[in-house]
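Asker: Take this structure, written in structure tokens, and hold onto it; I'll ask about it next.
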Amino acid sequence: MEKKNPIEERSYLLNRRAFLSKSSVGIGAAALSALLGQGLLGSCNMIGSNPIDSLKKNSTALTNLHFAPKAKRVIYLFQSGGPSQFELFDHKPLLEKLRGQELPDSIRKGQRLTGMTSDQTSLPLASSLFKFNRFGQSGIEMSELLPYTSQVVDDLCMIKSMHTDAINHDPAITFFQTGSQQPGRPSIGSWLSYGLGSTNENLPGFCVLLSRGTGRPQGQPLYSRLWGNGFLHSLHQGVQFRSGKDPILYLNNPDGINGMSRRRMLDKVLALNQKQYEELGDPEIQSRISQYEMAYKMQTSVPGLMDVSKEPDYIYKMYGSESTVPGTFASNCLLARRLAEKDVRFIQLYHMGWDQHDNLPSAIKKQAYDVDQASAALIMDLKQRGMLEDTLVIWGGEFGRTNYSQGALTDNNYGRDHHPRCFTIWMAGGGVKPGMVYGETDEFGYNITKDPVHVHDFQATMLHLLGVDHERLTYKHQGRRFRLTDVHGKVIHDLIS
């Protein structure tokens, strides 16, 4: 293939579209300045300005919060796969009496089922094999599978009336994390990075940690787009921390490169990117510059963050023996606390393995063991450091499970299919009311009977706790103003202290 002449290559950059896009910015800005006065445009991100200075001035969409915030940061313990509310949180004695009988048509009301049980000739009701007791001053019921979480119930705000629009994993997780079932929208952490920015110059404002459960080790996969920036600048994408030698890929210097060499290289790259930005005005060039600089800063901040060897023994005991094993949920919970101490805005943990269509009793027992002690320890750890009051902790999956058995029901075994109509999540700290249960489901655990909470309601409430009006945090893309809650959602004020 014939190589293009550099001068000819340059001419392609100055085609009609590029010329009009650049001139429209320049001419439009000049006209607006003449009409309104230059003072009103003082903070505009103009072509030709220094990209790093522009990033500092315009790093957040919101110059002021809409409300007084109750939370400064979020730790979201996402339980991927759909934990069964019947075995963990929502005790239904009626199912014990009716075990093995058919789910009544009057309860199902023709609601859709997944393809995994829609052709099942029988839908036998399946009660949990695990016992429930009341705990704490609040008297909240909790399963015997969660002995540690049971000890912190007075700090929890439990929502038993969550419901969602999606019935399968990928769209359901995408819906929770981005506000849309369709891929391509920004994730919650990206929206917060865009709206509020970062409070730590040496760490990303949005960090992600993954772990795989023992309940179903080969369960549903996760995709990096769940913590992607969508149509927002790439500056707002979540940064995944991994277990092992290199917690962040490509962060360390290659052999033969030291810190001084890296700095000189970055300065040269900055000069080239600066020149390209002045020529093209592409805002993604600014994001690229910022990412290079952040990577340089993280070379010194990340190793100390990931080194938990100096944590006292009582902390390891609190989080459990697996907290010393990198990549486990317990280890990630400990790292989440350390990230919160560094004022990282949004810390997202994903724990896979909750999709128990069969063999549920044995599988969920293992899965609950993975997360119970560490989830409770995180609450206690934040509380003892005085951080729980301004850190919102969220625990929950993408949907619940059916009250009937998928496949054969036996005395000691059964499975459960996906159920979007009602399920349970909990929150703690960050301005939510402690020691309360919100919402109710019917005696069959199939439908909501009081105070429903939609996914967009949950997202709107979370943003409100951070001081953000969910209707006013928007981004214009392809001619439309988008937001995390799309065109729905209301703040559930009864959850807020």
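Asker: Taking the range 149-165, which residues are crowded, with 19+ Cβ neighbours inside 10 Å and out of contact with any Cys (no Cβ under 9 Å at 6 or more places or on another chain)?
Answerer: Answer for the range 149-165, where residues must be crowded, with 19+ Cβ neighbours inside 10 Å and out of contact with any Cys (no Cβ under 9 Å at 6 or more places or on another chain): T149, S150, V152, V153, D155, L156, C157, M158, I159, T164.
Asker: Okay, moving on. List the strands (runs of 3 or more DSSP E) inside the range 405-459, counting only whole elements, that have at least 1 residues being aliphatic (A, V, I, L, M), in contact with a Pro (Cβ under 8 Å, 6 or more places away or on another chain) and closer than 28 Å to V152 by Cβ.
Answerer: Hits in the range 405-459: 423-428.
Asker: Inside the range 229-239, can you point out the residues that are out of contact with any helix residue (DSSP H, G or I) (no Cβ under 7 Å at 6 or more places or on another chain) and within 15 Å of G205 (Cβ to Cβ)? Explain how you work it out, then say what you get.
Answerer: Taking the range 229-239 as the starting set, the residues that turn out to be out of contact with any helix residue (DSSP H, G or I) (no Cβ under 7 Å at 6 or more places or on another chain) are 231, 239.
Passing the criteria: only V239.
Asker: Let me ask you something else. G215 versus (1) buried (at least 21 other Cβ atoms within 10 Å of the Cβ); (2) over 12 Å from the mean Cα position of the chain (by Cα); (3) closer than 18 Å to L335 by Cα; (4) among the small types (G, A, S): which is the lone unmet condition?
Answerer: Looking at each condition in turn, G215 falls short on (3).
Asker: Checking K366 against (1) crowded, with 22+ Cβ neighbours inside 10 Å; (2) more than 18 Å from the chain's Cα centre (by Cα); (3) in a helix (DSSP H, G or I), which test does it fail?
Answerer: Failed condition: (1).
Asker: From the set of residues in the range 229-256 that are within 15 Å of G195 (Cα to Cα) and in a loop (DSSP other than H, G, I, E, B), which is modelled with the lowest pLDDT?
Answerer: Filtering the range 229-256 for residues that are within 15 Å of G195 (Cα to Cα) and in a loop (DSSP other than H, G, I, E, B), the one modelled with the lowest pLDDT comes out as H233.
Asker: Turning to a different aspect of this structure: Could you tell me which of the residues T424, T402, T324 is surrounded by 21 or more Cβ atoms within 10 Å (Cβ to Cβ), β-branched (V, I, T) and more than 18 Å from the chain's Cα centre (by Cα)?
Answerer: That would be T402, the only listed residue that is surrounded by 21 or more Cβ atoms within 10 Å (Cβ to Cβ), β-branched (V, I, T) and more than 18 Å from the chain's Cα centre (by Cα).
Asker: Could I ask something else about it? Do any residues in the range 229-242 that are over 25 Å from S211 (Cβ atoms) have Cβ atoms under 9 Å from those of residues that are surrounded by 22 or more Cβ atoms within 10 Å (Cβ to Cβ) and at pLDDT below 90, where the two are at least six apart or on different chains, and which pairs are they?
Answerer: Listed pairs, sorted by first residue: H233/Q286; L235/Q286.
Asker: Confirm whether L382 is aliphatic (A, V, I, L, M), farther than 21 Å from G430 by Cβ and crowded, with 21+ Cβ neighbours inside 10 Å.
Answerer: In short, no.
Asker: Also, I was wondering about something else. Would you mention how many residues in the range 370-418 are closer than 21 Å to S128 by Cβ and free of Cβ contacts under 8 Å to residues at least 24 places away in the same chain?
Answerer: Total meeting the criteria: 3.
Asker: Looking only at the range 126-140, which residues are buried (at least 17 other Cβ atoms within 10 Å of the Cβ), free of Cβ contacts under 8 Å to residues at least 60 places away in the same chain and in a strand (DSSP E or B)?
Answerer: Within the range 126-140, F132, F135 meet the criteria.
Asker: Those residues that are at positive phi and in contact with a strand residue (DSSP E or B) (Cβ under 7 Å, 6 or more places away or on another chain), I need them from the range 312-342; list them, please.
Answerer: G327
Asker: Let me ask another. Would the range 114-122 turn up any residue that is surrounded by 15 or more Cβ atoms within 10 Å (Cβ to Cβ), modelled with pLDDT of 95 or more and outside any loop (DSSP other than H, G, I, E, B)?
Answerer: no
The values are calculated or read from the model by the stated rules, or taken from the named source; none is laboratory data. Since the structure is predicted, the reported quantities are computational estimates derived from the model, not experimental observations. Ideal geometry is used to build each Cβ from the backbone, glycine not excepted, and the neighbour counts take in all protein chains shown.
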